[in-house]
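Just below is one structure, and these are the notes that go with it.
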Amino acid sequence: MDDQNLKDLEREQADNKLIGDAFQHLLDTYVASRHRKKVDIVTKAFNFARQAHKGVRRLSGEPYIMHPIAVAQIACEEMGLGSTSICAALLHDVVEDTDYTVEDISNIFGEKIAQIVDGLTKISGGIFGDKASAQAENFKKLLLTMSDDIRVILIKICDRLHNMRTLESQPANKQYKIAGETLYIYAPLANRLGLNKIKTELEDLSFRYDHPQEYANIEHKLADTEAQRDTLFAQFTAPIRKELDKMGIQYKIKARVKSPYSIWNKMQNKHVSFDEIYDILAVRIIFTPQERSNEVNECFNIYVAISQIYKSHPDRLRDWLNHPKANGYQALHVTLMSKQGRWIEVQIRSDRMDEVAEQGFAAHWKYKEGEDVEYTEDENELNDWLGTIKEILDDPQPDAMDFLDAIKLNLFASEIFVFTPKGEIKTMPAGCTALDFAFQIHTFLGSHCIGAKVNHKLVPLSHKLQSGDQVEILTSKSQHVQPSWINFVSTAKAKSKIQAILRRDNREIQKKGEDILNEWLKKNGFETNNSILDKLCDYHHIQKHENFYQALGDHCILLGEKDLDELHGKNKKDKTSTSWRNYIPFLGKGKEKDKKADDKEAKTQQLMVVGKDFNKKKPLIITEENISQFIFPSCCHAIPGDDIMGYIDNKGCIELHKRSCAVAAKLKSSYGNRIVDAKWKMHKLMFFDATIEIKGIDRKGLLLDVSRVISDQLNVNIHKLTINSENGIFDGCIEIRIHDRDDVRVIMDNLKTIEGLQDVQRIL
């Protein structure tokens, strides 16, 4: 026992030293900053949080208080926030994890800190019902509080960053949930707030946990090509340095290397290999202006000087100086042709612009710490953004996914500048249409819009606007909102307004549908309840009750004998006889004999249904024996070897998605508690379909070489082959039957050796 007591004492002493050192580091960082030195209240918050979390440990084994200290450290060091934010960061988990309430925090630390802590506290139970997880609800609460104080969201991002840095200790299903949520919500949010450094780190960490193999490959390739990049950077910047020295400018030149996530993202979207990405290296010129008021002109002077050394790309000049991005980002981007024949982007910015680019709003939103918070005049842009968020919150989507999507639309910070007929400038998201612009100005204008004049030419509502367009909206009182509009608007404001108007119109139809159903059920001796509604919705393949009422009200569905049979359970026989191949739509169809054999087998095979005792922490092992028990949705075509995850649907069945699938990203963010880790354990017995895209220079006998490599050398069955050739260039798709991803990789490597083939990519 004495030994045990001694061990406990030693452990406690080690913990106390660890906690003391971490807090001292935080204080040192805070004292060195430009904020007023309110050390007393920071120390008080630390002691309170330490007492509240006493005896609790994180999954990694360290004392729990280390997490709030780390979050406060990020808020202070990486975001430049002051004492109010540091105290709120230290206390952010106290209300959630202990018996203390928001009132207690308010009494001890004041109302402001308590309000921020309340915004950071997760809530139980939500408006979205039981089927959605509370994540969207938490996010909604966060945004509501944020519209009162932006520090809520800033600290939440710090919290998320530390959770991502310590994600290793979590089980795999939790890792996918947190990484997916980070990529879907928090990284765009950090981008929108101009936190470039943090956004990049969040993306890279998410990528590392979702696709460890791909992450390691890119890291390895970046390390291999580092010396090459350093040489290019030194050669490219030498004449620039000479010129800037001559001009007497105080400057720093940095190399910006593209992050692993953005490289991988580009490889996926553009279907290119690592070697084909030419913008991995960019150059950053950061200068100290001689006069702060003249920094924009000094940027242009540097541009003129360097464009005399290197030729600039005529279409790649980006002026973010006179029109800063909504997140406050200012810089001049120019693309120059190096002596090595490579286009290199050069970003020219002052030291102030660089600070704003890295720390975002936190850099130019210098809070006056105290009871009355004063903002600087830079708040306008942010207020506009918070205004659009408030609009979404005024008309909340009943569905968690819809809500997150609406928010997501607003988070992308790529913008264009559009002019009104009177010459006023409006900032709009890239890819927006004339109808988006109409709703942006006023809801009435949008709902009665019949067309627009862009640069004095008549265009339809769906016309996509370009930067610099002058737009005049044309209206008619007889025009009403159409359901098809939702398909081509891209801004959250327009979407939410259209949906609100349509919902209002639909309520009457739904009421009519409800009356029809109640009457029919009464006539046939049934009572209206949720289980009957669910049965009828499932039978007609409709997800929501409202949509079912709508279809009844519109007379798209007529209730009859078959519906009665369904309610009495007479249709069940037909359902069980469907082949399990129906659940794997992309699986290649074999010979008729095989199919019949499979059908026979399928009658005995059932989809797996998850029970209450199902362990979500354990990975699902997918084998030849149990593959038929899972659903393979057609959104992403997962084949053995792909990084996959499971999602438990409303019926308790498990869908298998690629982790990089767009649908999976939404599921991870909205239904994180239903995510399961999944692993392949296949033995090359079954065949799956894969599609490879090939491009290159046409020549005689090329097709023969392609089929020879696949069929003769590798003994692989070609399912379908399409080739288009035009002006000596060809492109084509090859559908093949393979066992797993390794087979695809071998085939692609062999195809790349064929003369004339320039590009080989797996697309499905």
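The values are calculated or read from the model by the stated rules, or taken from the named source; none is laboratory data. It should be emphasised that the depicted structure is a prediction, and the values quoted were computed from it without experimental measurement. Note that each Cβ is placed from the backbone with ideal geometry, even for glycine, and that neighbours are counted across all protein chains shown.
Of these, 55, 80, 61, which one is within 21 Å of residue 156 (Cα to Cα) and not in a helix (DSSP H, G or I)?
Matching residue, one of 55, 80, 61: 80.
Quick one: residue 53 ticks every box in (1) farther than 22 Å from residue 167 by Cα; (2) surrounded by 15 or more Cβ atoms within 10 Å (Cβ to Cβ) bar one, so which box is it?
(1)
Output yes when any residue across the range 187-206 is closer than 17 Å to residue 644 by Cα and either in contact (Cβ under 8 Å) with a residue 24 or more places away in the chain or not hydroxyl-bearing (Ser, Thr, Tyr) (or both), and no when none is.
For the range 187-206, residues closer than 17 Å to residue 644 by Cα and either in contact (Cβ under 8 Å) with a residue 24 or more places away in the chain or not hydroxyl-bearing (Ser, Thr, Tyr) (or both): present.
Can you spot a residue in the range 190-203 that is of a type in the set (Asp, Glu) and touching a strand residue (DSSP E or B) at 6+ places or on another chain (Cβ under 8 Å)?
No, every residue in the range 190-203 fails to be of a type in the set (Asp, Glu) and touching a strand residue (DSSP E or B) at 6+ places or on another chain (Cβ under 8 Å).
Filter the range 67-77 down to residues that are among the hydrophobic types (A, V, I, L, M, F, W, C) and either in a loop (DSSP other than H, G, I, E, B) or touching a Ser or Thr at 6+ places or on another chain (Cβ under 9 Å) (or both), then give me how many there are.
The number of residues fulfilling the criteria is 4.
Checking the structure you have, find out if any residue of the range 644-661 is surrounded by 14 or more Cβ atoms within 10 Å (Cβ to Cβ), part of a helix (DSSP H, G or I) and at pLDDT 80 or above.
The answer is no, given that none of the residues of the range 644-661 is surrounded by 14 or more Cβ atoms within 10 Å (Cβ to Cβ), part of a helix (DSSP H, G or I) and at pLDDT 80 or above.
Could you please let me know if residue 764 is at pLDDT below 80, within 23 Å of residue 681 (Cα to Cα) and touching a His at 6+ places or on another chain (Cβ under 7 Å)?
yes
So, in the range 438-459, exactly how many residues are farther than 17 Å from residue 478 by Cβ and not aliphatic (A, V, I, L, M)?
Going through the range 438-459 one residue at a time, the tally reaches 8.
Any idea which residue in the range 347-369 is modelled with the highest pLDDT, counting only those that are touching a helix residue (DSSP H, G or I) at 6+ places or on another chain (Cβ under 6 Å), over 19 Å from residue 238 (Cα atoms) and not in a helix (DSSP H, G or I)?
350
Could you list all residues from the range 667-689 that are within 12 Å of the chain's Cα centre (by Cα) and at pLDDT 80 or above?
Listed by number, the residues that qualify are 667, 668.
For residue 203, state whether it is touching a helix residue (DSSP H, G or I) at 6+ places or on another chain (Cβ under 8 Å) and surrounded by 15 or more Cβ atoms within 10 Å (Cβ to Cβ).
Against the criterion (touching a helix residue (DSSP H, G or I) at 6+ places or on another chain (Cβ under 8 Å) and surrounded by 15 or more Cβ atoms within 10 Å (Cβ to Cβ)), residue 203 qualifies.
What do you reckon, is residue 389 modelled with pLDDT of 60 or more and over 28 Å from residue 185 (Cα atoms)?
no
Anything in the range 268-305 that is among the aliphatic types (A, V, I, L, M) and within 26 Å of residue 225 (Cα to Cα)? List them, or say none.
Those that are among the aliphatic types (A, V, I, L, M) and within 26 Å of residue 225 (Cα to Cα): 272, 277, 280, 281, 282, 283, 285, 286.
Answer yes or no: is there a residue in the range 501-510 that is of a type outside the set (A, V, I, L, M), part of a helix (DSSP H, G or I) and surrounded by 15 or more Cβ atoms within 10 Å (Cβ to Cβ).
Checked the range 501-510: at least one residue is of a type outside the set (A, V, I, L, M), part of a helix (DSSP H, G or I) and surrounded by 15 or more Cβ atoms within 10 Å (Cβ to Cβ).
Give the residue, chosen from 565, 613, that is under 30 Å from residue 510 (Cβ atoms), modelled with pLDDT of 50 or more and either in contact with a Leu (Cβ under 6 Å, 6 or more places away or on another chain) or charged (D, E, K, R) (or both).
Residue meeting the stated conditions: 565.
So, in the range 179-205, exactly how many residues are under 14 Å from residue 659 (Cβ atoms) and in contact with a Phe, Trp or Tyr (Cβ under 7 Å, 6 or more places away or on another chain)?
Here the count works out to 1.
Which pairs do you get when a residue that is within 26 Å of residue 169 (Cβ to Cβ), found in the range 602-630, comes within reach of a residue that is of a type in the set (S, T, N, Q) and at pLDDT 80 or above, reach meaning Cβ atoms under 6 angstrom, with the pair 6+ apart or on two chains?
Correct list of pairs: 616/173.
Looking only at helices (runs of 4 or more DSSP H) that lie completely in the range 92-157, which have at least 1 residues being surrounded by fewer than 20 Cβ atoms within 10 Å (Cβ to Cβ), modelled with pLDDT under 75 and assigned by TED's automatic domain parsing to the domain that holds residue 77?
Where helices (runs of 4 or more DSSP H) fall fully within the range 92-157 and carry at least 1 residues being surrounded by fewer than 20 Cβ atoms within 10 Å (Cβ to Cβ), modelled with pLDDT under 75 and assigned by TED's automatic domain parsing to the domain that holds residue 77, they are 135-146.
Can you tell which of 34, 11, 50 is at pLDDT below 90, under 27 Å from residue 153 (Cβ atoms) and out of contact with any helix residue (DSSP H, G or I) (no Cβ under 9 Å at 6 or more places or on another chain)?
Only one candidate passes the filter, namely 34.
Based on this model, can you work out whether residue 496 counts as under 19 Å from residue 449 (Cα atoms), surrounded by 13 or more Cβ atoms within 10 Å (Cβ to Cβ) and in contact with a Gly (Cβ under 6 Å, 6 or more places away or on another chain)?
Here the answer is no, as residue 496 does not meet what is asked.
Under 29 Å from residue 353 (Cβ atoms) and either surrounded by fewer than 21 Cβ atoms within 10 Å (Cβ to Cβ) or in contact with a Gly (Cβ under 9 Å, 6 or more places away or on another chain) (or both): does that describe residue 196?
Considered against the rule, which asks whether it is under 29 Å from residue 353 (Cβ atoms) and either surrounded by fewer than 21 Cβ atoms within 10 Å (Cβ to Cβ) or in contact with a Gly (Cβ under 9 Å, 6 or more places away or on another chain) (or both), residue 196 comes out as yes.
Here's a check for you: in the range 277-314, which residue that is of a type in the set (Asp, Glu) and more than 20 Å from residue 336 (Cβ to Cβ) is surrounded by the fewest Cβ atoms within 10 Å (Cβ to Cβ)?
By that ranking, first place goes to 291.
Given the criterion modelled with pLDDT of 90 or more and surrounded by fewer than 19 Cβ atoms within 10 Å (Cβ to Cβ), identify the matching residue among 256, 241.
241
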